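Q: Have a look at this one.
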Ligand SMILES: Nc1ncnc2c1ncn2[C@@H]1O[C@H](COP(=O)(O)OP(=O)(O)OP(=O)(O)O)[C@@H](O)[C@H]1O
Ligand SMILES: [Mg+2]
């Protein structure tokens, strides 16, 4: 009765690779209860009903979902009253009936209280060697949402393409000093490179194509993997969160980001090949953990570009939850044209379309990330 066993062949196979390489090492019990089944085998999530990969009638069971029983991340209309309810949630009601898009009950993530003092920073690397999965979008918007909650945030553009800088309205070609100078020139002070963004509490270490030279030049450096870590050290006291936007590769720059980080967030696009390559990524994370940075841990897998109306998106999400279990954030980012629009506007969605579903989703992610940090 579950979607298990009926899914498209490729998806099943790809999913199980990740189960082997990740779950086996971490002793995760991922096979006993699938993400969308309750203990007695009944579906607890209407969204994960019996669809078994049948793409012919993708909207059928979607329309049957009782109102208020799930969070619909793709609702385009705004303001979205259903989602807005989660911003000031009735905790009892949420505990009673809200099943999140991952098929698990959606916990209540409290609105964080104000901070009286700041730092030392938790460093988060936004990492996936697959391109176009939402790393940069998630860095900007998670950062902006954390800043809205009064956290001091530094975003590090660690991709020579400079997409994070562009997304915050900076023209990378016009920059004289970038994160490249901070890495490669001894004596360079971070505040010479730092830019204030239009979002209060949020600063940026920008980058541009110069950074691509660092990948080559660092090879001959002593302790080349910890160059970024050394560069960020003096900044840690000033910030609560430092979020590093990695480039889509597992090269030396990404290893630098992982060596500097306490936590990794892996955005995964909800599409067919989402899990391909994740085994290699978790292997790289483990190697860095063993050899360079024992503090490093995988904070979570973030499902992005999710479209609950398609069987395909729901299937992929179910596989991801099956493979990574509690590592998958309850918050799921829906697919909406609002995100490409924000890149053109050069600002986060939290200011560009403050009442939109996308803004609400990243605010919820910020609360979830904060809740995970506080749970430690
Ligand atoms: N939730 C979403 N819905 C729709 N479009 C999205 C969403 N998230 C990101 N996008 C768009 O998808 C594209 C890729 O996103 P983004 O640049 O964040 O990915 P990336 O992983 O940083 O890519 P790269 O690997 O090239 O650095 C962008 O055009 C972005 O606007
Ligand atoms: Mg990017």
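None of the figures in this text is laboratory data; all of them are computed from the coordinates on show. Source: prediction; values computed, not measured. Don't worry about glycine lacking a Cβ; one is built from the backbone with ideal geometry, like all the others, and counts go over all protein chains shown.
Q: If you average over every viewing direction, what projected area does the convex hull of the Cα atoms of segment 213-267 give, in nm²?
A: Reported value for the Cα convex hull: 4.2 nm².
Q: At 7 Å along Cα-to-Cβ for each site, give me the label-to-label distance between residue 196 and residue 177 in nm.
A: 1.6 nm
Q: Please work out the ratio of the alpha-carbon Rg of segment 203-244 to 2.2 N^0.38 Å and round it to two decimals.
A: Output field value: 1.32.
Q: Averaging the inverse of every distinct alpha carbon separation and then flipping it gives the Kirkwood radius. What is it for segment 263-338, in angstrom units?
A: After inverting the mean inverse Cα-Cα distance, the result is 13.1 Å.
Q: Grab the eigenvalues of the alpha-carbon gyration tensor for segment 248-376, scale each by 5, take roots, and send me the semi-axes largest first in whole angstrom.
A: Over the Cα atoms of segment 248-376, the semi-axes work out to 26, 18, 15 Å.
Q: Seen from all sides and averaged, what is the projected area of the convex hull of the Cα atoms in segment 110-225, in nm²?
A: Mean shadow area of the hull around the Cα atoms is 8.6 nm².
Q: Computed over the Cα atoms of segment 301-372, what is the convex hull's projected area averaged over all directions, in nm²?
A: So the Cα hull casts an average projection of 5.1 nm².
Q: Also: Between residue 276 and residue 345, 0.36 nm times their residue separation minus their Cα-Cα distance comes to what?
A: The span from residue 276 to residue 345 would gain 21.6 nm if fully extended.
Q: Also, quick follow-up: Take peptides 293-301, 125-133 and line them up by average Cβ neighbours within 10 Å, highest first, as a rough protection proxy.
A: Packing proxy ranking, top to bottom: 125-133, 293-301.
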